[in-house]
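K.L.:
What follows is a single structure, and I will ask about it in a moment.
No value in this document is a laboratory result; all are computed from the given coordinates. Since we're looking at a predicted model, the values are computed, not measured. With ideal geometry, Cβ positions are generated from the backbone for all residues, glycine too; neighbour counts draw on all protein chains shown.
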Amino acid sequence: MPGGAVVSGPVVGADAMREAPVTFKAYLMCAFAAFGGIFFGYDSGYINGVMGMEYFIETFEHLDPATTPKNDFVVASWKQSLTVSILSAGTFFGALIAGDLADWFGRRLTIISGCGIFIVGVILQTASTSLGLLVAGRLIAGFGVGFVSAIIILYMSEIAPRKVRGAIVSGYQFCITIGLMLASCVDYATQHRTDSGSYRIPIALQMLWAVILAIGLFILPESPRFFIRKGQKDKAREVLARIRGQPANSEYIEMELNEIDANNQYELQSIPQGGYFTTWFNCFRGSLFQPNSNLRRTVLGTSLQMMQQWTGVNFVFYFGTPFFKQLGTIQNPFLLTMITTIVNVLSTPFSFYAIEKVGRRPLLLWGSLGMVICQFIVAIVGVTDGDNPKAISAMIAFICIYIFFFASTWGPGAWVVIGEIFPLPIRSRGVALSTASNWLWNCIIAVITPFMVNKDEGNLGAKVFFIWGSLCTCAFVYTYFLIPETKGLTLEQVDKMMEETIPRTSSKWQPHSTFAAEMGLDEKAAAGPKVTEQEV
Ligand code: BGC
């Protein structure tokens, strides 16, 4: 048994499935892949500050600061909404297509081509001096971000050792938060420039993240699960050995590979094979009331990402600057936005530990509860005493606590869970669909928010937090009934767990047999223990 593991439940069979120890190299590989989060975060974050910059408004709105009243010196609501949301629209389609490409050409190549497309989009944005080119550039860049955001999760979940899979995928979220923070720092630094550098520097800088990620991925190995899907077991063995830092003929590699292979064969038995549309249709097969059906998993992944967006987090990150401006007494809305992004970064590492220690379900439950409380406080204070500077400070403090809850729970949690719930034959598409749902809702929220909040439109102001608070209440109920506990299981064990249990009882489920044994690929194999807290 690895590392003197304490087994909390029955382990059937003579041998526990041995696993390779997690090497430093394995950590490093996954940590590098997480880097993809930086340009996801940066790209979605820089626009918030840019739209508040005087030079940008002057150029894109053709306004003269000398003659235009300060209150009118803003980007029109429809332009704000189009510019912010077009990125998510591109990302939605990019993520959908990327699922197919990842199965045809591999996870790595898909991510690398995403970086290439992204760079083209960034060049157009940098060159732009009018809305048309900026929007076109954001659409194309978004397409590239879609490739990267969907496939990085797939790739990381597939190469990470189960003991630290949650923590490692949380690393991706950590990078998203760093990206957002870097964007607001760069915006902060260039905001007062009186030349095109004010917006061009924050935009152009993103190319650097794409170049670094693409170069790194040339060096990293492909996912072994991709080769198993392709029927190339030898190649899968070779890359798994590299990823785990073990000889290709070691018992560790043999067992892990057999289990991945057997699970794939098992799943393929129950899924009809066929042409392009049949394989897409497989994601929607089965009944919604059967916890392990493909339809149920697809609905779970897509709705989980929808819920993550419903928490309202991007209201703060996309529209924080104009919102803080609207609160009246705030001297420096840019600084406040930057502070919220710093809180976001500093709170995320808490999840590295918590996601493996307490598990996915409790983390999401507590997170939604914390967010509900903070959002209702902000809304109530805003409505009852919104002009009092002390009340405004309290609102800002609770917005920061709300960000803490999001960053340490739902931020990483949603990504971790979508990487785990799909069986291999539909995994790339399932993760892609779920990621696309994240971007679809991201886009919908970006489109409607300015109309709900801005003074010349719905003028909801702080009342908008009643909406986010109510949606977070839905997230709490949703988690309680629908999210299974996947902590400590291999991706193949998650598949079995979903077959044999329901979400509310899933945390008690213990592995009791392996696919390799069931499929006759490994007579000796028995279930590995669930990883316990002591091991993590
Ligand atoms: C969400 C993004 C959000 C970010 C904030 C991510 O998990 O998907 O929409 O901007 O977290 O940190």
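K.L.:
I need the Debye-formula profile for segment 247-355: one equal scatterer per C-alpha, no solvent, reported as log10 I(q)/I(0) at q = 0.15, 0.16, 0.20 1/Å, two decimals.
P.N.:
After summing over all Cα pairs, the log10 values are -0.89, -0.92, -1.07.
K.L.:
Find out how many positive minus negative residues lie around Ile392, taking Lys and Arg as positive, Asp and Glu as negative, among other residues whose Cβ is under 13 Å from that of Ile392.
P.N.:
0
K.L.:
Find the percent of Cα-Cα distances in the chain that exceed 43 Å, and round it to a whole number.
P.N.:
The calculated P(r) of the chain puts 18 percent of pairs beyond 43 Å.
K.L.:
I've got another one for you. If you stretched the chain out fully between Glu499 and Asp100, how much longer would it get, using 0.36 nm times the residue separation minus the C-alpha to C-alpha distance?
P.N.:
141.1 nm
K.L.:
What order do you get for 506-512, 312-318 when each peptide is scored by the mean count of other beta carbon atoms within 10 Å, highest first?
P.N.:
312-318, 506-512
K.L.:
All other residues with a Cβ under 11 Å from the Cβ of Thr68 taken together, and with Lys, Arg as +1 and Asp, Glu as -1, what is their net charge? List each step's numbers first, then the result.
P.N.:
Details: positive: Lys70; negative: Glu54, Glu58, Glu61, Asp64, Asp72.
Taking every Cβ under 11 Å from that of Thr68, the sum is -4.
K.L.:
Amide H to amide H, which residues 5 or more places from Leu327 or on other chains are under 5 Å from it, using H placed in the peptide plane?
P.N.:
Close amide H contacts, sequence-distant or interchain: none at all.
K.L.:
Round to a whole angstrom and tell me the spacing of the C-alpha centers of segment 32-69 and segment 333-408.
P.N.:
Each part reduced to its Cα centre gives a spacing of 24 Å.
K.L.:
Normalised by the residues of segment 269-363, what does the relative contact order come to in percent, with Cα pairs under 8 Å and at least six apart?
P.N.:
Dividing the mean separation by the residue count of segment 269-363 yields 12 percent.
K.L.:
Separate question: With the radius of gyration and the Kirkwood radius both derived from the Cα set of segment 175-250, what is their ratio Rg to Rh?
P.N.:
That ratio equals 1.30.
K.L.:
Under a Cβ-Cβ cut-off of 10 Å, what is the net charge of the residues other than Ser77 that fall near it, where Lys and Arg count +1 and Asp and Glu count -1?
P.N.:
Taking every Cβ under 10 Å from that of Ser77, the sum is 0.
K.L.:
Using Cα-Cα distances under 8 Å and only pairs 6 or more residues apart, what relative contact order does the chain have, in percent?
P.N.:
In percent, rounded to a whole number, it is 25.
K.L.:
Just to check, using Stokes-Einstein with a Kirkwood Rh over alpha carbon pairs, what's the diffusion coefficient of segment 62-182 at 10 °C and 1.306 mPa s in µm²/s?
P.N.:
Estimated via Stokes-Einstein, D reaches 98 µm²/s.
K.L.:
Something else now. Out of the trypsin sites (Lys or Arg not before Pro) in segment 190-276, which ones are loop residues according to DSSP with at most 14 other C-beta atoms within 10 Å?
P.N.:
Here the sparse-neighbourhood loop sites are Lys230.
K.L.:
Could you order the peptides 423-431, 103-111 from most to least packed, using the average number of other C-beta atoms within 10 Å per residue?
P.N.:
Output ranking for 423-431, 103-111: 423-431, 103-111.
K.L.:
Using the per-residue mean of other Cβ atoms lying within 10 Å as a proxy for protection, in what order, highest first, do the peptides 448-456, 282-290 fall?
P.N.:
Highest-to-lowest ranking by the protection proxy: 448-456, 282-290.
K.L.:
Hey, what's the Cα Rg ratio for segment 242-301 versus the globular rule of thumb, 2.2 N^0.38 Å?
P.N.:
Values: Rg = 15.8 Å, N = 60, 2.2 N^0.38 = 10.4 Å.
Ratio of Rg to 2.2 N^0.38 Å for segment 242-301: 1.51.
K.L.:
Which translational diffusion coefficient, to the nearest whole µm²/s, is obtained for segment 457-511 from the Stokes-Einstein equation, given a Kirkwood hydrodynamic radius over C-alpha pairs, 10 °C and 1.306 mPa s? Walk me through the intermediate numbers first.
P.N.:
Numbers: Rh = 13.5 Å.
In µm²/s, the coefficient rounds to 118.
K.L.:
Which whole-number percent gives the relative contact order of segment 225-317, counting Cα pairs below 8 Å spaced six or more residues apart?
P.N.:
13 percent
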